[in-house]
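The values are calculated or read from the model by the stated rules, or taken from the named source; none is laboratory data. Small disclaimer: the values here were computed from a predicted structure and weren't measured. Positions of Cβ are backbone-derived with ideal geometry, glycine not excepted, and every protein chain shown enters the neighbour counts.
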Amino acid sequence: MHVLILGGTTEARHLAELLHGPPGLPGLAVTSSLAGRVASPRLPVGQVRIGGFGGADGLADWLRAHRVDLLVDATHPFARTMSFHAARAAAAARVPLLALRRPGWDPVEGDVWHEAGSLAEAAELLPALGRRVFLTTGRMGLAAFADLDDLWFLVRSVDAPEAPHPARMEVLLDRGPFTLEGERALLRDHAVDVVVTKDSGGAATAPKLTAAREAGLPVVVVRRPPVPEGVLVVADPAAATRWITAYLGGAGALPGTDRDPLRAPRGTGPTPSP
């Protein structure tokens, strides 16, 4: 039996660890695939491949050639194109697909959130909210903010961003998890008056939201794209491990049917276009 994990996230690494540990399945092979966009990624245990597949057709060919029995999409919640390719490839290769998605963040009392449907929409909101922006959306997509010459940006990312990007910008190379005390100091020392984030979810980068709430700062939150329609979704690596073990262990149920060994909510909304 062979499981392919489309990874690069904390949850994907944890899932690989769980599948390699007890109780496990005898003879189970686990391969983790990383996109290769980060220069020094944190590698999961087990077999690892780095790089793209050449679109949905290339991924389908890889699934067939390596006799993959189950595909897990544990990519970042904003890896929209890869999730679409995974859904198409799994259908073409007739391989069951499971999506592992950490829950998104929810506002609490005291939060001053402004939701945006895209990075471009987030950029449109900024001039009315502040002048010193803490931009935590990663190094990809900075072009959406490149024309905001009147604003100053503190950009935090794992690797250095490339042009196009805002003209008035300071880059902070860092990788989570981040502490609340550290985020408080960052907002204070850089006189930040507005924060921009994607709704990535998880605990590793959530302290910035608490720090912003304490400081009374507005936060622009970019909504995450939907999971492709019909794809079964679990919220954490433990649930994914239970489902995979039950399915590959002989429960005989196909993902997404009434005979699932473990039920989970399915993705909603239209299937994303490439």
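General remarks:
- If you check 42, 131, 67 for being outside the structural domain of residue 241 (by TED's automatic domain parsing), more than 13 Å from residue 198 (Cβ to Cβ) and touching a residue at least 12 places away in the same chain (Cβ under 8 Å), only one passes: 131.
- Here 239, 203, 185, 191 are screened, and the one residue that is part of a loop (DSSP other than H, G, I, E, B) and either surrounded by 19 or more Cβ atoms within 10 Å (Cβ to Cβ) or at pLDDT 90 or above (or both) is 191.
- Any hit, segment 10-24, residues being assigned to a loop (DSSP other than H, G, I, E, B), out of contact with any Ser or Thr (no Cβ under 6 Å at 6 or more places or on another chain) and surrounded by 16 or more Cβ atoms within 10 Å (Cβ to Cβ): no
- Among the residues of segment 5-53, the ones that are more than 16 Å from the chain's Cα centre (by Cα), of a type in the set (Val, Ile, Thr) and more than 13 Å from residue 74 (Cβ to Cβ) come to 3 in all.
- Selected residue (only one of 144, 122 is touching a residue at least 40 places away in the same chain (Cβ under 8 Å), assigned to a helix (DSSP H, G or I), among the hydrophobic types (A, V, I, L, M, F, W, C) and closer than 30 Å to residue 214 by Cβ): 122
- Candidates in segment 178-192 are the residues that are in contact with a helix residue (DSSP H, G or I) (Cβ under 9 Å, 6 or more places away or on another chain) and of a type in the set (Asp, Glu); of these, the one that is nearest to residue 137 (Cα to Cα) is 183.
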